[in-house]
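Starting off with a structure, shown below.
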Amino acid sequence: MGRLDNKVALITGGSRGQGAVESKLFAREGAKVVFGDILDEEGKQVEREIIEMGCEAVYVHLDVTSEEDWAKAIATTETKFGKLEILVNNAGVSIGKRGIEDTSVQDWDHIMDINVKGVFLGTKSVIPAMRRAGGGSIINISSTAGIVAIGRSAAYNATKGAVRVFSKATAIQHAKDNIRCNSVHPGPIDTAFLQDLIDNPVLLQERLKKVPLGRIGTPKDVAYGVLYLASDESSYVTGSELVIDGGSTAE
């Protein structure tokens, strides 16, 4: 028995990194998975890998800032699998460590479009499908930067803070529809986002001094938290924040 048996999930940013790990884990746990990205070649490869595992998955091209792409992704999901019960808003970008004065309007608009507008459009688009399914779970990937002002750009902090509170508003407004919504707040995780840090032993050791557990997290550490929020095990959890950061924000 898988933890997501007979459930249907849509995951964004699924072609690599955190999203790819989540897509594979969900499939192994019994979900039928549709995952989207703008990296089509990588996405098709992840789709092949999941199918080779003996699981069901479909890759779709999905620019999270496009209402049309969202409509197509949801239509594909319902046509292929008959329903849609889980959404993981995983896609996101960073613009590096830029101070407020160094952030251009173009930088600001770009990161807001993907990290905030993308979550809004995904949530808005999926609610009717979840109503048809009798309810669902929306998991929005935020960051510890959405809780405290860590050393990324102010713009990145702003986007992740927006995702955190938007998740709470979604939870309150759609509890009556049996739709839950929670945010996940990873700390430093071994993905392409942190490659510059991971490749620099001096910077890495400095960063690890701020992590009580003393290590960088793995995508799987986060994926298992997302799995919990997607499953019926968290049926009484909504409007909440799951922090997965090795204790970084506890000090």
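Read-outs throughout are calculated quantities, based only on the coordinates presented, and are distinct from any laboratory measurement. Bear in mind that the values here come from a model prediction, so they are computed numbers and not experimental data. No Cβ is skipped: glycine too gets one built from the backbone with ideal geometry, and neighbour counts run over all protein chains shown.
To make sure I understand, if each residue's beta carbon is the centre and we count other beta carbons within 10 Å, what order do 218, 191, 170, 79 fall in, fewest to most?
79, 218, 191, 170
Taking the Kirkwood radius as the inverse of the mean 1/r across Cα pairs, report the Rg/Rh of segment 1-49.
0.97
Continuing with this model, one more query. Could you put 215, 180 in order, starting from the residue whose Cβ has the fewest other Cβ atoms within 10 Å?
Listing 215, 180 from fewest to most nearby Cβ atoms yields 215, 180.
A further question follows. What's the percent breakdown of Cα-Cα distances in the chain across 10 Å bins, shortest bin first?
8, 32, 38, 18, 4, 0
Around residue 244, which amide H atoms from residues at least 5 apart in sequence, or from another chain, sit under 5 Å from its own amide H, with H modelled in the peptide plane?
For residue 244, whose amide H was placed from the backbone, the distant partners under 5 Å are 185, 187.
OK, next. Translational D (Stokes-Einstein, µm²/s) of segment 94-147 at 4 °C and 1.567 mPa s when Rh comes from the Kirkwood sum over C-alpha pairs?
Result for D is 97 µm²/s.
Quick check for me: using +1 on Lys/Arg Cβ and -1 on Asp/Glu Cβ, what's the dipole size of the chain about its Cα centre, in debye to the nearest 20?
680
For residue 210, list the lysines whose Cα falls under 23 Å from its own Cα; do not include residues on the same chain fewer than 8 positions away.
Within the straight-line limit of under 23 Å, residue 210 reaches these lysines: 97, 160, 220.
When only C-alpha pairs under 8 Å and at least 6 residues apart count, what is the relative contact order of the chain, in percent?
Relative contact order for the chain comes out at 18 percent.
Would you order 116, 202 from fewest to most other beta-carbon atoms within 10 Å of each residue's own beta-carbon? Write down the numbers at each step before the final one.
Details: 116 18, 202 7.
Least to most surrounded, the residues fall as 202, 116.
I'd like the orientation of helix 17-28 relative to the chain: the angle between its Cα long axis and the longest Cα principal axis, in ° from 0 to 90, rounded to 10.
Helix 17-28 sits roughly 30 degrees off the main axis of the chain.
How much of the calculated P(r) for segment 1-99 lies past 17 Å, in percent of all Cα pairs?
It works out to 46 percent of all Cα pairs.
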